[in-house]
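Let me begin by presenting the structure, written as structure tokens, before commenting on it.
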Amino acid sequence: MVTRMGHMAMRVPDLDAAVEFQCDILGLVETERTAGASYLTCNERHHELVLIQDPVRRGYDHIALEVPDVGALEATRRRLPAAGGRLLGEIYDGEPGIDRALRVEAPGGHVFKLFLGMETGELPEPGERPLKFEHASVKTPRPKALERFLAHGLGFRLSDRMGRVASWWHCDADHHGIAVMFAPRNELSHYAWSVEDLNATGRVADRLRRDRDQRLIWGPSRHGPGNNRFMYFHDNDGAMVELCSDLAQMPPEGDYQPRTWPSGPKTINQWGGPPPPRFLLTGFPIVAPDPGRPAYAMRADRAQTPTG
């Protein structure tokens, strides 16, 4: 059973440039760089984002999800194939910042990494940065298959549905950790960071304009499902980023009740009009996974042997 959203992992052609964007615009801090991968955080956790140097395959590598212990990892591993998942190797250890992990390919090619034992340390020096990696939104032409995988394979629960267009799923108190959007291709729609408030999103927009001469894709405004304020823009490599604040909380921590929303612009934009074409057309490709232990998932001072 997944209990927390973990992190995003992206493959980028220029690692230095990608890290610079995340640090300068979002305020992330690099905690480690090894084996061609940079680990970045915004809090006490070892990483909330992994950027992997790859001059050939630009795209998103995986969405990482945390499980509480070894027993939960083993139990999830056993039920994933029946839910439509394809295991991409055995459980392995030795990856920077975590105890052990297992990768699985979901219907449509979306890759999830289940892990446990995230290392923690001191909070970064004071500065303006997100609170945490919050959610990922994925596109697929077969939403029912992916939804079944989330529910029966990973233990996510449905939070909201908007007709046949989109659904939102949670694994903890946050209204959603994964959103599923109906679209012609399997790809990443966006990855999202939780920020303190609307003022924080405005300051990021100021830095984008001042330092990158870059304009927003959509927002700021407020979604209906989840009730969160939002703002979208592209990162250094063209993936869409959302900043969220005031996301609804699910019972028992909150009182948000799941519902079915009508399909239409008023549902996803409570303050304005429909999403612009740049939002609808943006998609970041899935990097086809290699079997076995990922080449970047190595650290010299830890064991690098399969554990399952």
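The values are calculated or read from the model by the stated rules, or taken from the named source; none is laboratory data. Since the model is a prediction, treat every value here as computed from it, not as a measurement. A quick note on method: Cβ atoms are made from the backbone with ideal geometry, for glycine too, and the neighbour counts reach across all protein chains shown. We work out accessible area using only protein heavy atoms, side chains counted, and drop any ligands, DNA or RNA first. Shrake-Rupley method; radii C 1.70, N 1.55, O 1.52, S 1.80 Å.
From the list 265, 274, 294, the one residue that fits, being under 27 Å from residue 105 (Cα atoms) and at pLDDT below 95, is 294. When the test is whether a residue is farther than 30 Å from residue 229 by Cα, modelled with pLDDT of 95 or more and buried (at least 22 other Cβ atoms within 10 Å of the Cβ), residue 103 passes it.
Of all residues in region 213-228, those that are within 19 Å of residue 282 (Cβ to Cβ) and touching a residue at least 24 places away in the same chain (Cβ under 8 Å) have Cβ atoms under 6 Å from Cβ atoms of residues that are of a type in the set (Gly, Ala, Ser) and part of a loop (DSSP other than H, G, I, E, B), 6 or more apart or on another chain, in 221/272. For region 1-36, the candidate set comprises residues that are part of a strand (DSSP E or B) and among the aliphatic types (A, V, I, L, M); within that set, the residue that is most open to solvent (accessible area, probe 1.4 Å) is 29. Only strands (runs of 3 or more DSSP E) whose full extent lies in region 117-222 are considered here, and the ones with at least 3 residues that are hydrophobic (A, V, I, L, M, F, W, C), in contact with a helix residue (DSSP H, G or I) (Cβ under 8 Å, 6 or more places away or on another chain) and at pLDDT 95 or above are 178-182.
Could you tell me which residue of region 258-287 is surrounded by the fewest Cβ atoms within 10 Å (Cβ to Cβ), considering only residues that are out of contact with any strand residue (DSSP E or B) (no Cβ under 8 Å at 6 or more places or on another chain) and hydrophobic (A, V, I, L, M, F, W, C)?
The initial filter retains those residues of region 258-287 that are out of contact with any strand residue (DSSP E or B) (no Cβ under 8 Å at 6 or more places or on another chain), namely 264-266, 273-274, 277, 280-281.
So of that shortlist, the ones also hydrophobic (A, V, I, L, M, F, W, C) come out as 280-281.
Details: 280: 13, 281: 9.
The extreme case among them is 281.
Within region 20-43, residues that are without any contact (Cβ under 8 Å) to a residue 40 or more places away in the chain sit with their Cβ atoms under 8 Å from residues that are among the small types (Gly, Ala, Ser), at 6+ positions apart or across chains, in these pairs: 30/38; 38/18. Taking each residue of region 242-270 that is over 17 Å from residue 170 (Cα atoms) and hydrophobic (A, V, I, L, M, F, W, C) and looking for partners that are assigned to a helix (DSSP H, G or I) and open to solvent by 70 Å² or more (accessible area, probe 1.4 Å) with beta-carbon atoms closer than 6 Å, six or more apart or interchain, yields nothing.
In region 112-149, what residues are open to solvent by less than 10 Å² (accessible area, probe 1.4 Å) and touching a Lys or Arg at 6+ places or on another chain (Cβ under 6 Å)? 113 - this is the single residue of region 112-149 that is open to solvent by less than 10 Å² (accessible area, probe 1.4 Å) and touching a Lys or Arg at 6+ places or on another chain (Cβ under 6 Å).
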